[in-house]
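Chemist: Have a look at the structure that comes next, please.
A short reminder: the numbers here are calculations on the coordinates, not readings from a lab. Computed from a predicted structure; not experimentally measured. Don't worry about glycine lacking a Cβ; one is built from the backbone with ideal geometry, like all the others, and counts go over all protein chains shown.
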Amino acid sequence: MIQRLTVAALMLLIAALLRTAPAEAEPYLAVMTGYKCNVCHVNPTGGGLRNEFGVTYAKVLLPAETVDNALDSWTGKITDRLQVGGDLRTDWTRDTVPNSPSQQAFALEQFRVYANLTLIPDRLGIYVDEQIAPNGSQNEEAYVRYGSTTDGFYMKGGQFYLPFGWRLQDQTAFVREVTGISMTTPDKGIELGYEHAAWSAQFDVTNGAANATTGSGYEVTTQVVYTKPIWRVGIAGSSTQSNIGDRHVGGLFAGLKTGPIAWLAEGDLVHDQSLPGGRSLAAGLLEADWRVLKGHNLKLTAEYQDPDRHVSNDQQTRYSFVYEYTPLPGLQLRAGYRRYFGIPQNNTQNQQLILMELHGYF
Amino acid sequence: MDSALSLVPLASRVCVVFASLVIAACAGNGEGLDANGRPLVPGGSASLPPLSADLDSIQANIFTPICSVCHAGGGAPEGLRLDAADSFNLLVGVPSTEVPSLLRVKPGDPDNSYIIQKLENHAAVGAQMPFGCPTTQPCLTTSTIAFIRQWITDGAQPAAAAATVHAAAPLAITSVVPDGVEPVSASPPQIMIAFNHDLDVTQIDGRSMHIEKLMPGASPLATEIVAARVTISSANLRALMVWPSRPLSAGHYRLVINAGSPSQFSDIAGQSVAVGVPNELGESVISTFDVEVLP
């Protein structure tokens, strides 16, 4: 068994070294490893289905304990051309809002399945990300991809997530809510991407959420990321034209590895003419992920948002403490505490949250 | 590489200092603000009004502090803006984009209002609202949702506050559903045109519009004319409903105001607005849309 694991680890190392474009799953893993998104994910901008390398990484290097036999041959590939994967998250949470009784509940947060069909290897493929539960099935991503997602230009057409900043697992992070660009807001359009050595770049033209009912304009989004083994920096921008008012978003984000700690930072500015009177907003995130031991990660996050930069005393902050334990391939346990601070007269801006999550993936 | 590694201790210290600065960036003290973080107006209150079954109260207690965190401005999911200026127009009598056969709010019928299905977690599509509940924020309690239910049962009347905001703006169309952006997957039971003011219903002729099915491609030639009936619900004088006389088959359509129609689109204060874009026949085209009838 030890011999097999050593071989697998060596294969991973060789594969990583051979790739000019290194990867990400949870973005802290990307910073920790120095990889770009496309090293571990089929989607060159990260998230969703893991490729063979990503599956192997998740089986061998991520968990505290590897399991012999059962998962040795699993790479998600059903045939040479069809690969599948999935994520199921279920949790128990207790929310406490001042002046209200606490709420606690078990919930199925999501069950998603992914599929990638390769029509012409390294050139043409179809990708689907479907949320199966809770409630009815809902398509998140479905697009045709043409070109190389590892080195060179590619193009996507269909419905997909927009590339903007850190693709965090927590879609309620202030930087994701304020920018309005997250893994809950896929959009329809086209993406032109470029991957080469340390560079990743995307240029998207999509409908834009503002035009969902008016059809009066488009959203243009662009992102450029430069990745080195222990650090990376990215810049992103998005501009939406709409008859309800234009919206412009800009962001800077960076990652740094210092020993066993991966640091993630992002700062975003938004100017939204579609809000009454026009409004400027800001949001920031600083996250530290400490890989305590193999399979153990301590995540500390501090967040800040200013919902109107021209109004004083309305800022909000949020702090999270989450322990992530990955005992086995395909299983992660998360437990954490989150505290919100906002203006004292608003109870929901001052809530506390305790969460426990079971995450199964393949 | 060595020089890079030697930077690690320095980088760690920079990160710790930066982290300390971020953590020191405290939340606002709320001075001079109302409960939703907006500057107090003279005579305003820093505390929320008690929750009651009217839109002013629902807006202040639910839509603004909870929903409009995401559902506001140009980034609002599904184009649904729930800030005080827009919530009524984009909710009441407006078909849902996720399930177009259901109205977001159907006055008098909370069970068949999509907003209730989303809040109570039995909608056919998508996640329960508020997004992330119960994982990252509390769900609305049954008693809180009961106030929204009651507001709908009572006819889903507009808010006095929203009416004040809109009164200052010129009369305009705020949305058309369906639109030219996303095809509808079945024949729409109605086409909705939302305005920002209550319309003067006496100026609108119920037979003033029709729907044209266009030839494939960019040709403006109509292959079919579908008669339509125009109505305005007394529950929402800002939403004009256009009812096709028969189901629309798959194809590309446009909604047209009849040439020589006596209809005028004006509000109850007498402000009028020219609606649509002239076509090759001199008629006004309000919108185009595609219908995809799936098997």
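Chemist: More than 34 angstrom separation, counting every C-alpha pair in segment A:2-361; what % is that?
Modeler: For segment A:2-361, the fraction of Cα-Cα distances above 34 Å is 25 percent.
Chemist: Using the basic label-point model (7 angstrom from Cα toward the beta carbon), what is the B:SER47 to A:TYR325 distance in nanometres?
Modeler: 4.5 nm
Chemist: Report, in whole Å, the centroid distance computed from the Cα atoms of segment B:119-157 and segment B:197-213.
Modeler: Cα centres, segment B:119-157 to segment B:197-213: 33 Å.
Chemist: In segment B:187-202, whose amide N lies under 20 Å from the spot 7 Å out along Cα-to-Cβ of B:SER245? List them in ranges.
Modeler: Within reach of a label on B:SER245: B:187-192.
Chemist: Quick one: dipole size for segment B:171-291, taken about the Cα centre, charges +1 on Lys/Arg Cβ and -1 on Asp/Glu Cβ, in debye to the nearest 20.
Modeler: For segment B:171-291, the charge dipole is close to 240 debye.
Chemist: Then there is this: Please work out how many pairs of lysine residues in segment A:2-361 are eight or more positions apart (or on different chains) and have Cα atoms closer than 27 angstrom.
Modeler: Lysine pair count for segment A:2-361: 22.
Chemist: Do you know the relative contact order of segment B:55-161, to the nearest whole percent, from alpha carbon pairs under 8 angstrom that are 6+ apart?
Modeler: Numbers: 139 pairs, mean separation 25.6, N = 107.
With pairs under 8 Å counted, the relative contact order is 24 percent.
Chemist: A further question on this structure: May I ask you to list the lysines whose Cα is less than 22 Å away from that of B:LYS118, ignoring any residue fewer than eight positions away on the same chain?
Modeler: Here the lysines satisfying the reach criterion relative to B:LYS118 are B:LYS106.
Chemist: Going by Cα centres, segment A:222-272 and segment B:254-282 are how many Å apart?
Modeler: Using only Cα atoms, the two centres lie 45 Å from each other.
Chemist: How large is ³J(HN,Hα) for each residue in segment A:99-111, as worked out from phi by the Karplus curve 6.51 cos²θ - 1.76 cosθ + 1.60 (θ = phi - 60°), to whole Hz, x for Gly and Pro?
Modeler: Couplings: 6, 9, x, 5, 10, 9, 6, 8, 8, 8, 6, 6, 10 Hz.
Chemist: Still on this structure, I have one more. In bins 10 Å wide, starting from 0, what share of all Cα pairs of the protein assembly as shown does each bin hold, as a percent?
Modeler: Each 10 Å bin holds this share of Cα pairs: 3, 15, 25, 26, 18, 10, 4, 1, 0.
Chemist: Where nothing but the Cβ of Lys and Arg (+1) and of Asp and Glu (-1) is charged, how large is the charge dipole of the protein assembly as shown around its Cα centre, in debye to the nearest 20?
Modeler: Once rounded to the nearest 20, the dipole reads 1200 debye.
Chemist: Along its three principal axes, how long is segment A:228-309 when you only count alpha carbons? Whole Å, largest extent first please.
Modeler: In descending order, the Cα extents are 52, 24, 19 Å.
Chemist: Something else about it: Compute the separation of the alpha-carbon centres of segment A:119-139 and segment B:67-81 and state it in Å as a whole number.
Modeler: 26 Å
Chemist: Which number do you get for Rg(Cα) / (2.2 N^0.38 Å) in segment B:171-291?
Modeler: So the Cα radius of gyration is 1.02 times the expected 2.2 N^0.38 Å.
Chemist: Now for a different question. So how long is each side of segment B:21-152 along the principal axes, counting just the alpha-carbon atoms, biggest first, in Å?
Modeler: Computed over the Cα atoms, the extents are 48, 36, 29 Å.
Chemist: Rank these for me by crowding, B:CYS67, A:CYS37, B:CYS139, going from fewest to most other beta carbons within 10 Å. Walk me through the numbers before you get to the answer.
Modeler: Values: B:CYS67 24, A:CYS37 27, B:CYS139 21.
Going from sparsest to densest Cβ surroundings: B:CYS139, B:CYS67, A:CYS37.
Chemist: Once amide H atoms are built 1.01 Å from N in the peptide plane, which residues 5 or more positions from B:ASP205, or in another chain, come under 5 Å H to H?
Modeler: B:SER263, B:GLN264
Chemist: While we're looking at this one, here's another question. DSSP loop trypsin sites (Lys or Arg not before Pro) in segment B:186-293 with at most 13 other Cβ atoms within 10 Å of their Cβ, which ones?
Modeler: Taking segment B:186-293 and a limit of 13 other Cβ atoms within 10 Å, the loop trypsin sites (Lys or Arg not before Pro) found are B:ARG207.
Chemist: Determine which aspartates and glutamates satisfy two conditions relative to B:LYS213: a Cα distance under 18 Å, and not lying fewer than 8 residues away in the same chain.
Modeler: Hits, sequence-local ones excluded: B:ASP179, B:GLU182, B:GLU224, B:GLU280, B:GLU283, B:ASP290, B:GLU292.
Chemist: Taking Cα pairs under 8 Å and at least six residues apart, what relative contact order does segment A:125-262 come out at, in percent?
Modeler: In percent, rounded to a whole number, it is 17.
Chemist: List the relative contact order of segment A:2-361 as a percent without decimals, with contacts defined as Cα pairs under 8 Å and 6+ residues apart.
Modeler: After rounding, I find 14 percent.
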